[in-house]
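Chemist: Input: one structure, supplied below.
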Protein chains: 2
Amino acid sequence: MPVAKANAEWRGTLREGAGTIKFSSGVFEGPYSFKVRSEGGAGETTPEELIGAAHAGCFSMALSAQLTTNKTPPDYIRTEAAVHLAATPSGLSINRIDLVTRVKAPGLDAAKFAELAKTAKEGCPVSKALAAVEIHLDAALES
Amino acid sequence: MPVAKANAEWRGTLREGAGTIKFSSGVFEGPYSFKVRSEGGAGETTPEELIGAAHAGCFSMALSAQLTTNKTPPDYIRTEAAVHLAATPSGLSINRIDLVTRVKAPGLDAAKFAELAKTAKEGCPVSKALAAVEIHLDAALES
């Protein structure tokens, strides 16, 4: 199996310093900072946004795999991941991820869909890697 | 604390379908596929590359925090994360991440650096979220 690589560089102190993140695939290189991470904002990514992108992407692909095996492949699966960073006694922690997915898959009933969505949530490699985090799923079919 | 969001869309079956990943910060939107994920390649991201970017970024920022507190802030911290995806009896799994970091921080000795790097590895929010994954760290000072 392939090994996926990515790089980060940080220069200077935590609060006044600045960082850059780079994907080895070549599709992204850009800045990140403690300010956007801890206060929010746009124009820079954060580790939490990257975790959310990984999770939304992995879950959507895993749900497609489930729907494909069920012979009801999706017209679309649209998933948003919201990653919650919290201040805890042991420092900053990612304590919760909310996945919201909306799916169009002709020929599928709601009960079977709910079962397959749950399987995808539990079995996707990123969910398994993030087992230490509370993961909530809101899944619904669209017509 | 802010909530970081990202979105994914998948269309079609696992193997013939295609996906798009989008960051809510607006800095990236691009394709991902099962082919690049399972066989490797460039030009598209993968969930594992995104996990690697999150981890390299988080660890580097956490190490800057340690070095800042130690009053030896870094000129630079350069970290690569390599994320290993493996086929297991329970399906694909992210089973190992290798962090390789090279740091220039004037006034710091190797023993203290090793201690601070270990603390950053164990305490960074992404490491804690990825507690289910074996994480290896190769850390060295550069002059």
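Nothing in this text is a laboratory measurement; each read-out follows from the coordinates by a stated rule. All values reported here derive from a predicted model rather than from experimental measurement. Backbone-built Cβ (ideal geometry, glycine too); neighbour counts: all protein chains shown.
Chemist: Long-range amide H contacts for residue B:32: which residues qualify at under 5 Å (H placed 1.01 Å from N, peptide plane, sequence gap of 5 or more or a different chain)?
Modeler: Amide H neighbours of residue B:32, under 5 Å, 5+ apart: B:19, B:20, B:21.
Chemist: Distances longer than 20 Å among the Cα atoms of chain A: what percent of all pairs is that?
Modeler: 55 percent
Chemist: Let me ask another. If one puts a single equal scatterer on every Cα of region A:55-137 and applies the Debye formula without solvent, what log₁₀ I(q)/I(0) results at q = 0.17, 0.22 Å⁻¹?
Modeler: So the normalised log intensities are -0.65, -0.97.
Chemist: For the cross-link pairs B:5/B:118; A:5/B:35; B:35/B:118; A:71/B:35, which exceed 26 Å when the distance is taken from alpha carbon to alpha carbon?
Modeler: Among B:5/B:118; A:5/B:35; B:35/B:118; A:71/B:35, the Cα-Cα distance tops 26 Å for B:5/B:118; B:35/B:118.
Chemist: With +1 on each Lys and Arg Cβ and -1 on each Asp and Glu Cβ, and nothing else charged, work out how big the dipole of chain A is about its Cα centre, in Debye to the nearest 20.
Modeler: In total the dipole reaches around 260 debye.
Chemist: Along Cα→Cβ at 7 Å, what distances in nm separate the residue B:88 label point from those on the other copies, shortest first?
Modeler: 2.1
Chemist: Please compute the average number of Cβ atoms from other chains found within 10 Å of each residue's Cβ in peptide B:99-111. Mind dumping the intermediate values first?
Modeler: Values: counts 1, 2, 2, 1, 1, 1, 0, 0, 0, 0, 0, 0, 0.
Per residue, the average neighbour count from other chains is 1.
Chemist: Against the empirical 2.2 N^0.38 Å scaling, what ratio does the C-alpha Rg of the protein assembly as shown come to?
Modeler: Values: Rg = 18.7 Å, N = 286, 2.2 N^0.38 = 18.9 Å.
Taking the Cα Rg and dividing by 2.2 N^0.38 Å, one obtains 0.99.
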